[in-house]
Structures are given as structure tokens and as C-alpha cells.
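Here's the structure we're looking at; comments come further down.
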Amino acid sequence: MFAPIFQTVAANAEVTALLGTNPVRFWPFGEAPENSVLPYSAWQQVNGQPENYLGDLPDLDSYTLQIDVYASTGSSARAAAKALRDAIEPHAHIVAWRGESRETETKLYRLSFDVEWMTPR
């Protein structure tokens, strides 16, 4: 029922060079520790649906995931986003670049994008 996003990202050397290994700083929504080491990324499922058929059970689930990268500089946010893109694209489709910003309260740089992931059942 869930896309294998963490396993895919955590297995990529380019990502773990930037987001660490113990732990991999790629958190499910709302689970990034306060004052986490930078850069880090958070992900959440924002949509999903089974591939329905007339007369058969679904054999595929489709998910839309939002990925957010947080960093102390714009260049480190971009580097982490590029590593995540390169790790994800062999397995899923990036369907939207949601932009870059700097958060008012935390002063962290943020880059966001969406991924469509299809997972066989």
C-alpha cells in the first residue's frame, strides 16, 4: 500500500553522501527531528489510487508523493534535490517541480517536487 521511496533513496550512494546514513535524513512527513542536521528531506503521500479493472482486482497502485528538501543554502538544497531526482527517476516519474523558497521563520532554503510512483501489488 506504499511506494518504496525510502528504500530506493536510502540505497543510493549519491543521496546518502548528502543526507547521511545513520540515519538517512529522509523523513516521512512530520517526523524530521527538531534541529535536524542539514540538508534533509521530507516526503509525504498526497494522492493515490488502485489501478481498477472491470472483472479483475487491481494489480497496481499509483501514488503521488511530495518531496521537500531543506538546507542552509540554496546550492545545498539544489544538490540534495538533484541526488534525490537521480535516485528516484529510474523507478518513478517526477511530474512537477514545485519551486524554491526560503522559509520566513526558520530561514531554511526549501525545494519541492512531486513524484508519481506505480507499485505492482
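Quick note: the coordinates plus some simple rules give every number you see, no bench work behind them. None of these values were measured; they are calculated from a predicted model. Backbone-built Cβ (ideal geometry, glycine too); neighbour counts: all protein chains shown.
Multiplying the sequence separation of F6 and Y53 by 0.36 nm and subtracting their Cα-Cα distance, what value in nm do you get?
Values: separation 47, 0.36 × 47 = 16.92 nm, distance 2.89 nm.
Gain on extension, F6 to Y53, equals 14.0 nm.
On a 0 to 90 degree scale, rounded to 10, what angle separates helix 74-88 from the longest Cα axis of the chain?
Compared with the principal axis, the helix lies near 20 degrees.
With the dipole of the chain worked out from charges on the C-beta (+1 for Lys and Arg, -1 for Asp and Glu) around the Cα centre, which of V115, V24, S75 lies farthest toward the positive end?
With unit charges placed on the Cβ atoms, the residue in question is S75.
Would you mind calculating the relative contact order of the chain from Cα pairs under 8 angstrom and at least 6 residues apart, reporting the percent as a whole number? Please list the in-between numbers first.
Values: 225 pairs, mean separation 31.4, N = 121.
Reported relative contact order: 26 percent.
Comparing L111, L54, L84, which has the greatest mean-square fluctuation in the GNM of the chain with Cα pairs linked when under 10 Å apart?
L54
Between E14 and L60, what is the FRET efficiency for a Förster distance of 25 Å, r being their Cβ-Cβ separation, to the nearest 0.05? Numbers along the way, then the final one.
Values: r = 28 Å, r/R0 = 1.13.
Once rounded, the FRET efficiency stands at 0.30.
Name the long-range amide H neighbours of R25: under 5 Å, sequence gap of 5 or more, or other chain; modelled H, no Pro or chain starts.
G20
Name the longest site-free stretch of the chain, where the excluded sites are chymotrypsin sites (Phe, Trp or Tyr not before Pro) in a DSSP loop with no more than 15 other beta-carbon atoms within 10 Å.
Working: sites that count: F2, F29, Y53.
That gives 54-121 as the longest site-free run.
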